[in-house]
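The values are calculated or read from the model by the stated rules, or taken from the named source; none is laboratory data. The structure displayed is predicted, hence computed values, not measured ones. Here Cβ is always computed from backbone atoms with ideal geometry, including for glycine, and neighbour counts include all displayed protein chains. Accessible surface is based on the protein model in full, side chains and every heavy atom, while ligands, DNA and RNA are left aside. Shrake-Rupley method; radii C 1.70, N 1.55, O 1.52, S 1.80 Å.
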Amino acid sequence: MKIGIISFAHMHAASYANYIINHPDAELACIWDADEARGQEMSEKFNCKYFSNLDEFLGTDIEAVVVCSENANHKEHVVKAANAKKHVLCEKPIATEVEDAKAMITACEEAGVIFEIAYPVRFAPGFKQAKDLIQQGAIGEIVAITGMNHGKMPGGWFIEKELSGGGAATDHIVHIMDIIRWVMEEEVNSVYAEMDTRFYDIDVEDCGLVSLELESGIIVSIDHSWSRPQTFPTWGDAIIKFVGTKGNLEVDAFKQFALYYNDEATSITQLPYAEDMDDGLVNDFIACVKEGSAPSITGTDGLRTLEVVKAAYQSQEQGKTVLVER
């Protein structure tokens, strides 16, 4: 199966590319990137063809694309790929605006192509086990959930609101929210958020706290931030604690690692040894395309998490709790 990558603007693109070329049933055939120098560099690195023209790229015999462009460009690239009858794996968040997300979902449905959103944290072994335990009633009825997603400030287009759609809230709420929706199988009813810019001199928020109420009345808090120092040994964390009537369950997606002290590079890094979640995501997408089955993470999943993010920004602006509109 031939796959193409639309843009290496997002840092996850290189990881996805590695897993595609190592997959026994897939081939990374070509790359398109608006940044010609970056596109040429990546095509040489991954030994595939570079296209400077997106229409020519989409006119090749690739069956699927992975969209890793800037958030604000997701709509254009997903819709064009769908119109060219290419299956799509799109980096999170699905889009920067709810109406754009809906248009993307509609375009893929009308074209009859698979549309998957890149929430690889679902493929972390700990969260898969937690979902099973909670649904089996191992910790009783869930009454509260606390989630944390801290990371380094990524810089670049991530801090340009026109391209990113926002700061740490846009970047980090969605991962935790997707896991909560997936595990609990219910939607958010209301959102209250407070955000600020305290760590860096940038034009978007770099920290915040979001309080949510699910439809069943479960209370959720999400601590999202770019608060990790640049010297931190990995990019960040993804931790969720489920509080039940029979016990608590805490999952740290990146807990399994060896600490590598590298004197030559004067750095300390974490070397994970758990199953790689990006690998799980790429495998799921390729399997869905081959089998013609529904993806594990749908466009609607991406839309629902984006709705929560937009409600958080609305709450911040208005200084009050807001209901999530669906």
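Over all pairs of different C-alpha atoms, the stretch 53-94 has a mean inverse distance whose reciprocal, the Kirkwood radius, equals 10.3 Å. For the stretch 14-128, the percent of C-alpha pairs falling in each 5 Å distance bin, counted from 0 to the bin holding the largest distance, reads 2, 12, 20, 23, 21, 14, 6, 2, 0. The overall shape of the stretch 259-305 is prolate: from the C-alpha gyration tensor, with semi-axes ordered a ≥ b ≥ c, the ratio a/c is 1.5 or greater and a/b exceeds b/c. The DSSP beta bridges internal to the chain are antiparallel in roughly 55% of cases.
Subtracting the Cα-Cα distance of K85 and A287 from their residue separation scaled by 0.36 nm leaves 71.0 nm.
By accessible area, using a 1.4 Å probe on protein heavy atoms only, the chain has 46% of its surface on carbon and sulfur.
If you sort E325, E97, E250, E91 by accessible surface, 1.4 Å probe, largest first, the order is E325, E250, E97, E91. Using C-alpha pairs below 8 Å separated by at least 6 residues, the relative contact order for the stretch 30-81 is 30 percent. Each stretch of four or more DSSP H residues adds -39500 (n - 2.57); spread over every residue of the chain, this sum gives -11000 deg cm²/dmol at 222 nm. Axis of helix 299-318 versus longest Cα principal axis of the chain: the two differ by about 50°, to the nearest ten degrees. If R0 is taken as 25 Å, the Cβ-Cβ distance between T300 and D132 corresponds to a FRET efficiency of 0.65. Coordinate range of the alpha-carbon atoms in the chain per principal axis, descending: 54, 54, 42 Å.
Which parts of the stretch 207-238 would a label at D35 reach, counting a residue when its backbone N lies under 12 Å from a point 7 Å out along Cα-to-Cβ? Inside the label zone: nothing.
Rounded, prolate or oblate: pick one for the stretch 209-284, where a ≥ b ≥ c are the square roots of the eigenvalues of its C-alpha gyration tensor, a/c under 1.5 means rounded, and failing that, prolate if a/b is larger than b/c, else oblate. Here the stretch 209-284 falls in the prolate category. How many angstrom lie between the Cα centre of the stretch 77-139 and the Cα centre of the stretch 275-324? Between the Cα centres of the stretch 77-139 and the stretch 275-324 lies a distance of 5 Å.
Note on exposure: E187, E275 ranked by accessible area (1.4 Å probe, complete protein assembly) read E275, E187, with the most exposed listed first. For the stretch 69-79, putting each phi into the Karplus relation 6.51 cos²θ - 1.76 cosθ + 1.60 with θ = phi - 60° gives couplings of 7, 4, 3, 5, 9, 4, 4, 4, 6, 5, 5 Hz, in residue order, rounded to whole numbers and with x for Gly and Pro. All Cα-Cα separations within the stretch 122-168 were binned at 5 Å from zero, giving a P(r) of 5, 15, 14, 16, 11, 11, 12, 10, 5, each value a whole percent of the pairs.
The residues of the chain expose, per residue, 44 Å² of accessible area to a 1.4 Å probe. Annotation: average projected area of the stretch 158-278 is 9.9 square nanometres, based on the convex hull of Cα atoms across all directions. Model label sites at K152 and L271, defined 7 Å from Cα along the beta-carbon direction, differ in position by 1.8 nm. Would the stretch 166-222 count as rounded, prolate or oblate if I go by the C-alpha gyration tensor, calling it rounded below 1.5 in a/c and otherwise prolate when a/b exceeds b/c, oblate otherwise? Prolate, because a/c is 1.5 or more and a/b exceeds b/c.
Each Cα pair under 8 Å and six or more residues apart adds its sequence gap; the mean of these over the residue count of the stretch 109-191 is a relative contact order of 31 percent. Partner lysines whose Cα lies under 26 Å from the Cα of K241, excluding those fewer than 8 positions away in the same chain, are identified as K92, K128, K131, K152, K255, K310, K320. Only protein heavy atoms count here; under a 1.4 Å probe, Y261 has an accessible surface of about 140 Å². Across the stretch 88-104, rounded Karplus estimates of 3J(HN,Hα) from the backbone phi angles (6.51 cos²θ - 1.76 cosθ + 1.60, θ = phi - 60°) give 10, 10, 10, 4, 7, x, 3, 6, 9, 10, 4, 5, 5, 4, 4, 5, 5 Hz, Gly and Pro being marked x. If I build a Gaussian network model for the chain, linking alpha-carbon pairs within less than 10 angstrom, which residue out of T300, T231, T96 has the largest mean-square fluctuation? Comparing T300, T231, T96 in a Gaussian network model of the chain, the most mobile one is T231.
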